[in-house]
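The structure under discussion appears below in the form of structure tokens.
The values are calculated or read from the model by the stated rules, or taken from the named source; none is laboratory data. Just so we're clear, the structure is a prediction, and the values are computed from it rather than from any experiment. Using ideal geometry, Cβ is built from the backbone for each residue, glycine included, and neighbour counts are taken over all protein chains shown.
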Amino acid sequence: MSERKVLTKYYPPDFDPSKIQRTKGPKATGPKLQTVRLMAPFSMKCISCGEFIYKGRKFNARKETTDERYYAIPIYRFYIKCTRCSAEITFRTDPKHMDYECEKGAKRNFEVWRESKLAEETEEEMLDRLEKEEAEKDAMKEMETKVLDAKTEMHIADALDEIRMRNARAERAGKDGQEITVTVEDKRDEERERQEREDVEAARLAFLGGTGEKVKRVQEDGDEPSGESSSSAVPTSNGASMAANPDMPPPTFKRTVKKKKDFGAALGLKKKPSLV
């Protein structure tokens, strides 16, 4: 009975080991291919003949390492043949969704769980969305800060213009030897002086008669005039004589209330006559 593990080999009589030489051929260009044994990762339908290939069917496939990467994870592509028409079918790994992606030669069957899984937001997508929202918020904050800075600069420029104009007026007044000191107290003094002048003028007009002459006190009957009788003329400041008239009423300083003007006619309003 022959051994399962042969330790000795048969060498023919004409065997010459010197004739065996190692040859170095050119290196293969392109992606690295490797023959592997795998099972179909999903159920699919061949486009050429319509053959259904169920999930888990075994194939001798060619494995290709692509240049694409998902972060540090390399992406692999597999080539298999249809069991009926020998058409080439390719699919590759999808590390983003932890699944496989059908590329050419077949169509993947519909899977309910896969659609719902794809609709969910992954952790990476959530992080990307949060980063975008933060970037947009930062942009809005930066825009608001720029607007506030522009408004502040405008207020400062207006205040500087006002100060320059005030200094220019002070310089022009200083050339003539005058000093501009406009304060609230000065304004109050001017208002007080104006009010006093108006009061003096009103008192002066009140002591004048209807003819514009000063009014003097009428002497009583028991008093004896010095030099002239009571019926004689009373000298005035302007040199004119005025007879003492006992019928003339003495000047009064009672305040008279003016009658209010009715503006209803001017506005086209008609008042109804009162029934009383």
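Within the stretch 67-80, work out how many residues are surrounded by 16 or more Cβ atoms within 10 Å (Cβ to Cβ) and among the charged types (D, E, K, R).
1
Yes or no, residue by residue, for (1) β-branched (Val, Ile, Thr); (2) exposed (fewer than 13 other Cβ atoms within 10 Å of the Cβ); (3) closer than 16 Å to residue 92 by Cα:
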{"residue": "22", "(1), (2), (3)": "no, yes, no"}
{"residue": "28", "(1), (2), (3)": "no, yes, no"}
{"residue": "38", "(1), (2), (3)": "no, no, yes"}
{"residue": "59", "(1), (2), (3)": "no, no, yes"}
{"residue": "62", "(1), (2), (3)": "no, no, yes"}
{"residue": "65", "(1), (2), (3)": "yes, no, yes"}
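For the stretch 96-125, name all the residues that are modelled with pLDDT of 80 or more and among the aliphatic types (A, V, I, L, M).
Across the stretch 96-125, the qualifying residues are 98, 106.
I need the full set of residues from the stretch 40-57 which are within 19 Å of residue 99 (Cβ to Cβ) and either surrounded by 15 or more Cβ atoms within 10 Å (Cβ to Cβ) or not aromatic (Phe, Trp, Tyr) (or both), in order please.
40, 41, 42, 43, 44, 45, 53, 55, 56, 57
Kindly indicate whether residue 13 is loosely packed, with under 13 Cβ neighbours inside 10 Å and either out of contact with any Leu (no Cβ under 7 Å at 6 or more places or on another chain) or among the β-branched types (Val, Ile, Thr) (or both).
Yes.
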